[in-house]
Each structure stands twice: as C-alpha cells, then as structure tokens.
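Comments concern the structure below.
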Amino acid sequence: MRRLQFSPFPDEDAGKKDDDDPRTNSNSPSKLTFLLFVLALGNLILFVSNRNQTQAPGAAQHPELAKYEATLARASALLRGTAGDEHSAVAQQVSDAAVRAEELAAKAEGIWKAKEEEDREKMTAQHPPPPPPAVPASPPAPSSPSVLPASGPRKHLAIGMASGINPAQLAVFVGSLRKHSPPEQSEIVLFMDAPSLTEQVNEILAKYSATAVQFTEESLSPPAMRSFHPSTYRWPMIADYVTQHQASLGNIVLCDVRDMAFQGDPFAVVDAGRPGLYVFNGVESIIIGKDGWNGPWIEDCFGKAVFNSLYQETIICSGVTIGSTDAMVSYLGKMKAEMMTDEFAKCERNGVDQGVHNVLIHTKKLDGEVYRQNQGAGQVANMQAGVMTVGGDFVVRNKQGQAVPVVHQYDRNEKLMNELFRQFVYWDIHVEKVGQGACAGYTIKENIEAFKGRCDLSQDGTEGGWESCCQICTNKPSCKGFTHLRKSCWLKTCNNVDEATVLAVPGATGGWLT
C-alpha cells in the first residue's frame, strides 16, 4: 500500500497565527487527541488511495466513503475550534469520532469488496475473456514439409525489415531458415538500406539465396512516413511487395528478422486444410489494459473507447505472423491503410504497429479465418513470454513437449543465442586487436560481453563509438575495462577475461587494459 504524506490542517491556514489554532495556542488539546485525529484521517487517505489504485476504469466512488469523510470533518472542527476547559471532553469526542471512522472504514471495505466483485462480473459479461486460441489438434511436426499450392509455379515467402542488422544475426535468420526450407521451396526477401549492404552482408545473402530489396527513406511515400520508425514503415513496404507478387506466392511468414531463428519449416504452420491468418500470443501474464506499452499504443492511436473495449484482451505479438496468400494480402492491406492517415502520424513511434495489429485482430476487422495460438501449445515461441523452455539440447519446446518451428526473441536467452551463433555464424565474429590512439594499452574484441555481472563501475553515455569508451575509462583511475553497447560505455573495475564466461553479443565491443 502506498504511504502518503499529509497535513491534517487545510492549506489556507498555512502561515496564520490564531488563538484557536492548535498549532500555535499553548492551551491546545492534548497530543493524544491530535494523534487520534491523525490516525483516523491517515486511515481515510490510505483507504481511499488504495481503492483508487484498484478500482476498475470508470468505477464510481462508493457512497460509504462520504460518511467516513463527514465523520472526520466533525472531528476536525472539534479539534480546531475548541480550547480551554473543554479539552478532556473534546478528546473524548474526537476519540469517539475516530472509533466511528474505523467502524465505517471496515464497513466500507466490506461493501467495496462486494462492489468490486459486482464490477468484475459486469466487466466479464461485457468483455468476456477470449476463447482458447485455435491450435490444430495435431499441429504439423516441425520437420514436415509445407505444401505448395498445386496451381502455378509458386513459392513460399519469408519477408521482413533488416536495415542495420548485425551480420551474425542475419546469418542465424537466413541460415536456420534454409536448413528447413530450401530455395526451391521458398523466397527470402529483406528490405535493407545501402549502408546495411556491406560486403559481408552481401556474401551471407548470396550464400543462403536471400534477396535484398534496397530502399532509401527519401523514397518513402507519403512524405510523413519518412519520419516513422522502421518498425512502422516496413508494413506499407511489405504490403506493396506481397500485393505485387501474390500470384506467385504460397504461404507467407512476416518476420522480425533481428531476433528470429527456425527449428522447423515455418510455412507448415498453415494447415493445408485451414487457410487463413495464424497469429501468436505474446506475453500472456498481463492483459492489454494493464500493460505499459501495448495499452498506450492502442489508446493513443485509436482512442479511449477502443482501449476500454480491449482492456481485458491478451497481447498478440506482431513480430511474427504466418498465413496463406489471400489472408495475408487482406491483413497487410488493412495494416497499411491504418498507417497512412494523418491521425496515425500523430501517435506513431517505435512499437505502435503492434497496437494496430491487436486492434485489427481483437475487433474482428480482418477478412477470412484468423487462428490464434497461445504460448502453451502453439508453434511459435515468443521468448519474452517466458512460457516455452530451452532444453539441454538447445531446442525450444512448448508445454506439450513439441519442438516449435519458429523461435522469436531468442536473444532473451543468452545461452540459446550463443548456441545459434555457434551453429550458423561461419566466421570468427570475435575479432581481437591491439588498441591504437586513445585506446593504446587496451585489448579490443568485437561482439562480446566479457564482464557480464562482474566488477561494475558505472554507465556513461556516449555519442561516439567504442573508441570513446577508452578515453572515458582512462580518465577514471579505478576503471580497467569496458563494454560498449548502444551508445553506452559500461565501465568495469577488472580486466581479467575468462573465455569460458565470455558471451557473444552482436554489436557489443569489449575493451580491457593489458
């Protein structure tokens, strides 16, 4: 329960000296009287605070609290308006008032609990919990091949945004997919800007028969989209590509490329006898209305009424969606349409695409069949949900013991991430070199975290690269090493590197004095 600081006296009296004011009059009521009053008022404030924190949206204040407040108001008047020989009588009256207030509080608590139960039943009746996600009774085994449509030379498609991706993460994505879906069966199409298409990236794309579609932000239309986050503007780009090529496509997987790996054929998730859109729960331990990310995304872009209507719903992750061609064309068209409005531009930010995703699904705005799978028995692991487990063989399984074809957010499990790098990264990503210039005297190693959980000193922000961390560390006498990651220097007081505990972390750079 939250504790509040308060004064038992109205603010308008502050700074006044009055003969009847118990703060200034030497003949004021006893300390016992004052403490009884504070106790009673404190109970009221804490009680009201607690109720306000737990009541459902729109729930009315309970009328019993008015009696509580009135009782304390009378006690306050007695305390502040009495002096002289009336002290003992006043003390008794205030004491009685406090006791009465406690009785009313207990009664209000009981009534409030009943009211909460009534409100909960009403909320459930208005917004019943979603039915169990539709999971095929016998989901296809991850190793079973997907079936291409009989008509025409079609291929399945895995598509996503990959600008700025670390080459190691790209190798995990395309390498693990090609292990289960060869080029004869599927296309891999990734949107990338020119700086991302390094020699190494092009080598990886060629090795695994993946196609890069190059773009510039200046080419995005309408112009407002040029200020959008890549997680948002990817959707109109993907929608246009799929629509233009739909005649040659089979099943489609929409991917968060950076943190996705495959343990089986993802296209086989679409049951040949049940075409449609297959979507997958994210974190299931919190509903949309109480989540600090998804709730605001929906409320800011769609308004309070839509937010309230989805308050009790489960979060559905937009990082991976799988479907047959017709279902995907329809879904992508609606995602794009929502994002092209002037109103959407006002609420746009990183992650808000998941808000759109949830609104379209939960409000049933999509055409055709939508099959939703949960994290207990589904075929896609969203590792952030913390439901599916990683075995000693580094295979991710659902609660039914089934190895799932798709693993999203694998970087939430460091051991799994390192195993995937070991399997699919075919070059040494941990380039070690002797520091130069400001880094003279340091050993520098790329794509590692050498000191995780050890000898922490401080975190210093930097707009420079890892080289700036050398200078920052040198200027601190107790600093002997650092990890540079995402514009921050994580300074360390040690420089002993144990190779057995070094973690592979794409984009991180470690440095230590030698």
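The table below gives the values:
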item	result
Selection within the stretch 398-421 - open to solvent by less than 40 Å² (accessible area, probe 1.4 Å), in a loop (DSSP other than H, G, I, E, B), under 25 Å from ASN166 (Cα atoms) and not aliphatic (A, V, I, L, M)	PRO405, GLN409
Which numbered condition MET237 misses (of (1) assigned to a strand (DSSP E or B); (2) under 25 Å from the mean Cα position of the chain (by Cα); (3) surrounded by fewer than 22 Cβ atoms within 10 Å (Cβ to Cβ); (4) of a type outside the set (D, E, K, R))	(1)
Selection within the stretch 466-511 - of a type in the set (D, E, K, R), open to solvent by less than 40 Å² (accessible area, probe 1.4 Å) and without any contact (Cβ under 8 Å) to a residue 40 or more places away in the chain	none
First in the stretch 166-179 and hydroxyl-bearing (Ser, Thr, Tyr), second anywhere and open to solvent by 10 Å² or more (accessible area, probe 1.4 Å) and assigned to a helix (DSSP H, G or I), Cβ under 9 Å, 6 or more apart	SER176/LEU420; SER176/GLN423; SER176/PHE424
Leading residue by the ranking (most open to solvent (accessible area, probe 1.4 Å)) among those in the stretch 422-464 that are β-branched (Val, Ile, Thr), within 16 Å of ALA508 (Cβ to Cβ) and in a strand (DSSP E or B)	THR443
Residues (among the charged types (D, E, K, R) and either assigned to a strand (DSSP E or B) or within 16 Å of GLY441 (Cα to Cα) (or both)) located in the stretch 471-502	LYS476, LYS480, LYS492
Test for ALA194: is it farther than 20 Å from MET260 by Cα, among the aliphatic types (A, V, I, L, M), at pLDDT 95 or above and surrounded by fewer than 22 Cβ atoms within 10 Å (Cβ to Cβ)	yes
Selection status of GLU199, at pLDDT 95 or above, touching a Lys or Arg at 6+ places or on another chain (Cβ under 7 Å), open to solvent by 40 Å² or more (accessible area, probe 1.4 Å) and acidic (Asp, Glu)	no
Leading residue by the ranking (nearest to SER330 (Cα to Cα)) among those in the stretch 250-295 that are in contact with an Asp or Glu (Cβ under 8 Å, 6 or more places away or on another chain) and surrounded by 23 or more Cβ atoms within 10 Å (Cβ to Cβ)	LEU277
Hits in the stretch 378-397 (condition: surrounded by 19 or more Cβ atoms within 10 Å (Cβ to Cβ) and more than 16 Å from SER285 (Cβ to Cβ))	GLN379, VAL380, VAL396
Close pairs (6 angstrom Cβ cut-off, 6 or more residues apart or separate chains): under 20 Å from ASP411 (Cα atoms) in the stretch 444-461, part of a strand (DSSP E or B) and basic (Lys, Arg) anywhere	PHE451/LYS492
Qualifying residue in the stretch 486-506 (condition: of a type outside the set (Asp, Glu) and at positive phi)	yes
Test: residue in the stretch 252-262 that is in contact with a helix residue (DSSP H, G or I) (Cβ under 9 Å, 6 or more places away or on another chain), part of a helix (DSSP H, G or I) and either of a type in the set (Val, Ile, Thr) or without any contact (Cβ under 8 Å) to a residue 24 or more places away in the chain (or both)	yes
Qualifying positions in the stretch 192-234 - within 28 Å of the chain's Cα centre (by Cα) and over 14 Å from GLY164 (Cα atoms)	LEU220, ALA224, MET225, ARG226, SER227, PHE228, THR232, TYR233
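Let's see how each residue does on (1) touching a residue at least 12 places away in the same chain (Cβ under 8 Å); (2) open to solvent by 50 Å² or more (accessible area, probe 1.4 Å); (3) within 21 Å of the chain's Cα centre (by Cα):
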site: GLY323; (1), (2), (3): yes, no, no
site: ASP326; (1), (2), (3): yes, yes, no
site: GLY333; (1), (2), (3): yes, no, no
site: ALA337; (1), (2), (3): no, yes, no
site: GLY351; (1), (2), (3): yes, no, yes
site: ASN358; (1), (2), (3): yes, no, yes
site: LYS364; (1), (2), (3): no, yes, no
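The values are calculated or read from the model by the stated rules, or taken from the named source; none is laboratory data. Keep in mind it's a predicted model, so treat the numbers as computed, not measured. In this analysis, Cβ positions are derived from the backbone assuming ideal geometry, glycine residues included, and neighbour counts consider all displayed protein chains. Ligands, DNA and RNA are stripped out before the accessible areas are found, and what is left, the full protein with its side chains, is counted by its heavy atoms. Shrake-Rupley method; radii C 1.70, N 1.55, O 1.52, S 1.80 Å.
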